[in-house]
Amino acid sequence: MQQFSDSEKPARVISVAELNRLAKELIEQNLPLMWVAGEISNFTRAASGHCYFSLKDAQAQVRCVMFRHRMQLQDWKPENGMQVEVRACPSFYEQRGEFQLNVEAMRRSGLGALYEAFEKLKARLQAEGLFDAAAKQPLPRFPRAIGVVTSLQAAALRDVLTTLRRRMAAIPVIVYPTAVQGAGAGAQIAAAIGTADARAECDVLIVCRGGGSIEDLWAFNEEVVARAIHACTLPVVSGIGHETDFTIADFVADARAPTPTAAAQMASPNRDDLRQDLSHLYQRLARVTERALERRMQQLDVLARRLTHPGERIANQLAQLGHLASRLRSAWQMTSGNSEWRLRELYQQLLALRPDFTVLATRQQTLAQRLASAAAHRIDALGAEVRSLAAQLAQLNPSAVLERGYSMVETAAGDIVRDSAQLKRDDEVKLTFAQGWARAQVKDKG
């Protein structure tokens, strides 16, 4: 047995399954979702619905799988030899040790650039306001004529004409022929729209064509067509491709229909619906008319009952007039009697309230005598009281005291001297007598 040193020991041996698992983790964790272009080869569809094929170019190829739920979303059938672009996640099939692409979506080569151009033009026109709802015109309910812009060889024209004939054959249809695909188709479509607008022969314009690939419908994604629709003074209905197809013309048009047939239905009234509406309106009118007649007949009956012969009406009015005259006489008599009774009652009250002048004169004389007696008595009493007050005043009058030989002493300041303590030696004093006054000087005091 060969012996190895510690430094020469071989690395750990792994199984194939471990190797494939490591390769799967390395690939799927480091390679993102991406678009890959190539040619389809060895395309097979299993009974389960899953599709297996190879994607190759001049230098290499890679195995691909597209599961059924992804393939069902495709609106076209992949075939060998087709140049395609696939959006796929790189993966590793462990059981077989094969590198493969797990395809999520597939498109034919060249469509990526078309989609990019579509989105750029759509964003620019939307920013300019060509898609604004405020700029869209309403479709006329009863157009006098309908214009159609499409190819004379297009199946869409037959569908539109058949639909318009079935819905309202009396409306004239004017076709403005143009190419709907190929080089220069966009300019021809724009010219046809401009011609229809300039002639003003119709009230609504249908721009349509049948279904097809994005390349087939590309003429309706051109800017010249979008601006022609926006500048058109006629209401424009677009009916381009199938329900899942959207073009720039659909966004600019005043109304978008999923198919040409639907566009014809939107642009024209349906005679069956109109006939049904007319029938309903006729029934409503009949009911309203019948009810109006019933009301009028009822009113006529009421008026007939009120209608009488002029002689009978005069007799009735004379009878009513006599009745009113009788009521007037009764009312007059009753009012007169009540007024007379009230007058008598007021006369009695007046008599009762009339003054007795003899009594009033006697009472006035008595009051005059009492007033004179009371005044004399009052004057005597007041005279006695005055005399008593005069006697008291005379007793208190200082002049009376001075008449008896007394005098009144005042200081130089005019104060009356009642105590010798008020005076000092040599003070001047004023002496007031019953008759006159004199000044003196204090020589001594005690």
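The values are calculated or read from the model by the stated rules, or taken from the named source; none is laboratory data. From a predicted model like this one, the values you see are computed outputs, not experimental measurements. Quick reminder, even Gly has a Cβ in these numbers, built from the backbone with ideal geometry, and neighbours come from all protein chains shown.
What to note about this one:
- Failed item in (1) touching a Gly at 6+ places or on another chain (Cβ under 9 Å); (2) modelled with pLDDT under 90; (3) within 30 Å of His242 (Cα to Cα), with Asp75 passing the rest: (1)
- In region 229-253, the residue that is farthest from the chain's Cα centre (by Cα) out of those that are of a type in the set (Gly, Ala, Ser) and closer than 15 Å to Gly147 by Cα is Gly239.
- Residue pairs whose Cβ atoms lie under 9 Å apart, sitting 6 or more positions apart in sequence or on different chains, and linking a residue in region 224-237 that is in contact (Cβ under 8 Å) with a residue 60 or more places away in the chain and part of a helix (DSSP H, G or I) to a partner that is buried (at least 21 other Cβ atoms within 10 Å of the Cβ) and aromatic (Phe, Trp, Tyr), are Ala226/Phe220.
- Of the residues making up region 400-446, those that are of a type in the set (Gly, Ala, Ser), surrounded by fewer than 10 Cβ atoms within 10 Å (Cβ to Cβ) and either out of contact with any helix residue (DSSP H, G or I) (no Cβ under 9 Å at 6 or more places or on another chain) or in a strand (DSSP E or B) (or both) number 5.
- Boolean, Asp250 is modelled with pLDDT of 90 or more and acidic (Asp, Glu): yes
- Criterion (loosely packed, with under 10 Cβ neighbours inside 10 Å and either basic (Lys, Arg) or in a helix (DSSP H, G or I) (or both)) met by exactly one of Ala375, Ala352: Ala352
- Residue within region 266-285 that is under 30 Å from Ser213 (Cβ atoms), among the aliphatic types (A, V, I, L, M) and touching a helix residue (DSSP H, G or I) at 6+ places or on another chain (Cβ under 9 Å) present: yes
- Among the residues of region 196-217, those that are under 44 Å from the mean Cα position of the chain (by Cα) and either charged (D, E, K, R) or surrounded by fewer than 21 Cβ atoms within 10 Å (Cβ to Cβ) (or both) comprise Asp197, Ala198, Arg199, Ala200, Glu201, Asp203, Arg209.
- Leu139 being assigned by TED's automatic domain parsing to the domain that holds Ala263 and either of a type in the set (S, T, N, Q) or under 20 Å from Ala231 (Cβ atoms) (or both): yes
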